[in-house]
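K.L.:
Below are the structure tokens for one structure; questions will follow.
What follows is calculated from the coordinates using simple rules that are stated; it is not laboratory data. What you see is a predicted model, and the numbers here were worked out from it, not measured in a lab. When we count neighbours, we look across all protein chains shown, and the Cβ atoms used for this are built from the backbone with ideal geometry, even at glycine.
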Amino acid sequence: MNRQRGAGALTAERRIDGDTSKVETARSVDCLVEQGDPAEPDQDAPRSLRRWPARIRVAPLLQSGPARMSLLPKTRTSVARSSRSLWMMPVVHAAPVRCHLPRRLTGSGEIPSPRSWRDDPRMTEADALASLRSRLPRHAALIDSMADVVVRDEHWRFLEVGCSLGAGGGDELSDIDAGVGYDGIAASGLYDAARAFAVQVGVPVDLVVHRMDGWSEDVCRVAAEYDDGLQLDLVFMPAARRTGLPDRSFSVVDKDQRLTVAVTPLLRSPPSIEVAHEWAMLGWWAIATADKYVRRRSLFEAVHAIDEARTHALRLWAAGRKVPYAAFGLTSLLDFPPFELPDDLVATYAVPDDVDLVAAANRATAALLDAASVLASAALGVDVGSPLAPIVRSRLRSVVPSGAAARQPSPCTGPQEPRPWRARRE
């Protein structure tokens with residue numbers, strides 16, 4: 001098969017045991033190179049290859065040995081594998097774009113869809129739950145227990161499962177992200193009702209009921225770990241607020257048919273110009289803060305600031321790659337096509353015991369933030385960079401004060417030398 005309808009046809013080859021004379025050719029399938037393309041995949045293709053974006057459909061072939069991939073007719077890309085690093089060279093680029101295949105994609109077995117079970121029109125919510133029962137019986141048992149409680153009590157109106165399990169993925173280590181809609185419970189009694197619910201569905205080792213920052217008083221969250229090791233992340237909300245079911249979710253109980261319509265959460269859309277600029281500005285602010293702590297030799301605080309800067313940079317990188325839920329940064333880059341991480345991301349990490357290494361990590365984070373700002377600006381059609389960037393870059397190029405290259409003593413090793421700079425901190 002090599003039909004070229006729709007966005008194109010995909011072929012992939014793998015050398016066997018390093019012998020270039022032995023080549024396996026994957027089944028060609030019609031592929032969706034661009035989101036929203038009306039092309040339908042070949043129904044004779046393996047199930048795991050039917051609805052994957054073109055770059056990741058060959059991921060099972062990349063799990064061992066070098067591979068070559070070509071896309072026709074709209075896009076042509078060659079892939080050479082070395083360790084977990086991919087050199088991807090689209091013809092529209094003047095230079096190679098290097099990316100890394102995330103570690104979670106290099107294990108054995110099929111890779112779960114990053115979109116949702118709803119991408120397959122033949123699958124129902126019952127099929128999604130049945131699949132979960134066969135793959136992860138412990139998780140399914142706790143979900144069934146929650147469903148029983150919701151069905152029996154008229155205050156509880158729906159139960160939905162989201163995130164990795166909701167999308168048809170997850171493994172034995174996954175927690176359960178779920179939501180329950182309620183009616184007829186006063187905000188003053190919500191904590192008690194949520195705690196009682198969590199105790200009814202299993203035997204918790206410990207749990208907490210709380211509200212995240214910015215939540216209204218009629219919404220709360222239960223974080224619980226049960227005696228079988230499962231973790232439950234459960235949100236309670238007024239049922240009337242739900243107008244449909246988000247992507248990467250499926251409903252288990254829906255008494256009022258509120259979850260029959262698919263809805264797109266606002267966070268899935270590209271960030272606004274204001275939000276993207278906020279990420280850029282706060283990223284450079286954090287890099288400047290890290291530089292300040294490097295000069296003071298307060299390396300734990302410097303590393304903490306670098307972590308914050310990296311978080312903003314990866315959000316911008318996700319926006320630049322047009323990855324859904326860019327606000328979740330690293331998580332979304334790992335969960336959605338094209339499953340790419342920035343090259344040399346590891347250089348932005350450092351152990352807080354050597355000032356030179358921490359300073360180098362801060363400079364690497366600044367380079368990442370620069371590249372991410374360029375990508376996001378191109379994707380959003382407007383410059384989202386910060387005027388603070390050149391000022392902070394000039395600081396990073398300046399000479400570190402004498403003596404700053406000494407290793408920071410550990411507070412766990414005994415009495416320390418006095419540090420006068422502690423009194424000068426702002």
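K.L.:
How would Leu380, Leu267 line up from fewest to most surrounding beta-carbon atoms within 10 angstrom?
P.N.:
Sorted ascending by nearby Cβ count, the order is Leu267, Leu380.
K.L.:
Still on this structure, I have one more. Arrange Ser145, Ser188 by Cβ neighbour counts within 10 Å, fewest through most, would you?
P.N.:
Ser188, Ser145
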